[in-house]
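Working notes, beginning with the structure itself.
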Amino acid sequence: MAAYRKIEGKSTQILEKIRENLEQLNEKIDVMIEIQKHGQRELPENLPEALDVMTLLSLPDHLRKTAVTLCKLEKATADEVSEQTKRARAVESGYLNQLVVMGYMKKEREGRKAYFYVDRET
Amino acid sequence: MKKIIAVHSYKGGTGKTSLSTNLAATFVRNGKKVCLMDLDFRAPSLHAIFKKQNLDYWLNDYLNGVCEINKVLIDATNNNGNGGKLLVGLANPSTEAIRDMTAKDRKWEMKALGRLLALRSALLNDGNFDYIIFDTSPGLQYSSINAIVAADIVLVVTSLDASDINGSQRMTSELYDLFEKKTGILINKVIVDYLKSKEEQKKFTKKMKDIHNLPILATIPCFCEVLRAAGNFIFTEERPDHPFTETLEDLAEKVEKF
Ligand SMILES: Nc1ncnc2c1ncn2[C@@H]1O[C@H](COP(=O)(O)OP(=O)(O)OP(=O)(O)O)[C@@H](O)[C@H]1O
Ligand SMILES: [Mg+2]
């Protein structure tokens with residue numbers, strides 16, 4: 001019985017790990033799709049270091065909305081951002097990851113959740 | 001509904017400071033708790049209206065991360081016993097501070113935006129304020145755009161000057177719209193002839209609405225008495241029966257519902 005419990009616990013752990021990896025994979029695909037859809041040319045050539053208002057103004061509309069929302073929330077998941085913008089979670093996740101790729105935001109995992117935030121310190 | 005209001009304009013001298021101060025005072029007379037902030041760091045004004053010179057802390061210090069907002073705010077309530085409250089946050093008028101503020105880099109402006117955004121939870125959610133009013137610098141200044149991003153609504157003050165109208169239109173499409181801001185127009189210093197009768201006032205407002213393609217929240221005549229007050233006192237407080245005061249009461253009502 002004890003041995004069975006141990007195996008059960010182990011497989012749950014493995015399943016969790018697989019799920020986590022799948023989610024991360026999903027996000028990476030989101031980013032790739034976004035970049036493909038909107039083209040690399042929308043990315044500014046010399047990335048300015050700060051997500052200040054002038055940078056916000058220069059972003060394409062769909063990314064500006066996501067970026068402004070995250071500025072207001074300070075630190076949030078794609079779910080929380082999509083609640084504010086009323087766009088689908090997968091869409092926001094794509095935009096957020098694209099902003100991370102562009103260097104305007106940071107992403108951090110806490111357990112199974114991915115948090116996005118604007119790094120104002122470094 | 002609690003709100004952050006940014007009072008902005010394309011050109012200088014349109015009446016932003018006069019209107020934000022008098023709008024704040026009008027809200028307070030109606031029993032509201034208001035925080036009025038001078039975000040015009042290039043040409044601070046509110047310290048002169050509220051007669052403050054040597055303070056320990058200014059809004060500059062809050063944005064610099066030197067202190068929290070409660071150290072900056074000064075109670076300027078003129079006691080009239082209806083529960084209203086006016087607190088002001090002042091910009092440091094010293095030449096040194098102005099020079100310092102104009103030399104800030106993008107990194108600093110990004111942090112300043114964070115500090116402005118944080119005011120919502122500090123003052124509206126926890127501090128029980130009904131309104132925060134930002135008086136701003138004209139045009140596309142960093143501090144003004146920060147204020148606009150942090151605000152719920154933008155009140156754009158414009159005269160009937162062609163360059164002013166044109167500039168306001170451009171800012172609507174290139175600034176306020178891009179941040180999806182609820183925007184209302186205040187036409188200030190209108191020649192009284194245009195507003196002689198209710199009928200003419202309506203026609204004038206309609207024409208302005210078509211030009212700006214935005215709600216016209218006030219058409220304010222040019223009053224010599226306001227000019228004569230020369231920013232020495234808050235006009236609507238000293239002259240409760242003046243038509244200027246009436247116009248501002250009407251504006252306060254519209255902003256509340258906006
Ligand atoms: N409706 C009005 N009638 C007459 N004078 C007015 C009116 N509104 C404002 N003024 C006057 O216009 C001048 C400029 O006003 P104010 O300082 O409020 O403008 P501002 O937009 O804040 O200027 P700045 O861009 O320099 O900050 C002041 O002398 C003020 O008294
Ligand atoms: Mg002013």
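Please state which one of B:Asn70, B:Asn82 is in a loop (DSSP other than H, G, I, E, B) and surrounded by fewer than 21 Cβ atoms within 10 Å (Cβ to Cβ).
Every option except B:Asn82 fails the conditions.
Mind listing just one residue for me: the one in region B:104-139 that is more than 14 Å from every other protein chain (Cβ to nearest Cβ) and at pLDDT below 95 and, of those, farthest from B:Lys52 (Cα to Cα)?
Of everything passing the filter in region B:104-139, B:Asp126 is farthest from B:Lys52 (Cα to Cα).
Can you find a residue in region B:5-13 that is more than 16 Å from ligand 2 (Cβ to nearest atom), touching a residue at least 24 places away in the same chain (Cβ under 8 Å) and among the aromatic types (Phe, Trp, Tyr)?
No, region B:5-13 has no match at all.
For region A:55-75, check the following and say yes or no: at least one residue is outside any helix (DSSP H, G or I) and away from chain B (no Cβ under 12 Å).
Within region A:55-75 (the criterion being outside any helix (DSSP H, G or I) and away from chain B (no Cβ under 12 Å)), the answer is no, since none of the residues qualifies.
Within region B:18-51, track down each residue that is farther than 16 Å from B:Val72 by Cα and more than 11 Å from ligand 1 (Cβ to nearest atom).
B:Leu23, B:Ala24, B:Ala25, B:Thr26, B:Phe27, B:Val28, B:Arg29, B:Asn30, B:Gly31, B:Lys32, B:Lys33
Search region B:31-45 for residues that are assigned to a strand (DSSP E or B) and pair each with any residue that is more than 9 Å from ligand 1 (Cβ to nearest atom) and hydroxyl-bearing (Ser, Thr, Tyr) when their beta-carbon atoms are under 9 Å apart and the residues are at least 6 apart or on different chains.
Correct list of pairs: B:Lys33/B:Tyr131; B:Val34/B:Tyr131; B:Cys35/B:Tyr131; B:Leu36/B:Tyr131.
Look at region A:84-122 and say how many of its residues are assigned to a helix (DSSP H, G or I), more than 30 Å from A:Gln13 (Cα to Cα), out of contact with any Asp or Glu (no Cβ under 8 Å at 6 or more places or on another chain) and without any contact (Cβ under 8 Å) to a residue 24 or more places away in the chain.
Residues meeting the conditions: 1.
Considering each of B:Phe129, B:Phe179, B:Phe134 in turn, give the residue that is within 13 Å of ligand 1 (Cβ to nearest atom) and touching a residue at least 24 places away in the same chain (Cβ under 8 Å).
B:Phe134
Considering region B:209-258 alone, what residues qualify as being part of a helix (DSSP H, G or I) and in contact with a Leu (Cβ under 8 Å, 6 or more places away or on another chain)?
B:Thr236, B:Leu248, B:Leu251, B:Ala252, B:Lys254, B:Val255, listed by residue number.
Given the structure, is B:Ala151 within 12 Å of chain A (Cβ to nearest Cβ), among the hydrophobic types (A, V, I, L, M, F, W, C), touching a strand residue (DSSP E or B) at 6+ places or on another chain (Cβ under 8 Å) and within 16 Å of ligand 2 (Cβ to nearest atom)?
Values: within 12 Å of chain A (Cβ to nearest Cβ): yes; among the hydrophobic types (A, V, I, L, M, F, W, C): yes; touching a strand residue (DSSP E or B) at 6+ places or on another chain (Cβ under 8 Å): yes; within 16 Å of ligand 2 (Cβ to nearest atom): no.
For B:Ala151, the condition - within 12 Å of chain A (Cβ to nearest Cβ), among the hydrophobic types (A, V, I, L, M, F, W, C), touching a strand residue (DSSP E or B) at 6+ places or on another chain (Cβ under 8 Å) and within 16 Å of ligand 2 (Cβ to nearest atom) - is not met.
Looking at region B:31-45, is at least one residue away from ligand 2 (no atom under 16 Å from the Cβ), over 18 Å from the mean Cα position of the chain (by Cα) and buried (at least 19 other Cβ atoms within 10 Å of the Cβ)?
The answer is no; no qualifying residue exists.
Taking region B:221-232 as the region of interest, how many residues are over 18 Å from B:Tyr194 (Cβ atoms) and either more than 16 Å from ligand 2 (Cβ to nearest atom) or surrounded by fewer than 11 Cβ atoms within 10 Å (Cβ to Cβ) (or both)?
The qualifying residues number 3.
The values are calculated or read from the model by the stated rules, or taken from the named source; none is laboratory data. Bear in mind the structure is a predicted one, so any value in this text is a computation, not a measurement. We place every Cβ from the backbone using ideal geometry, glycine too, and count neighbours over all the protein chains shown.
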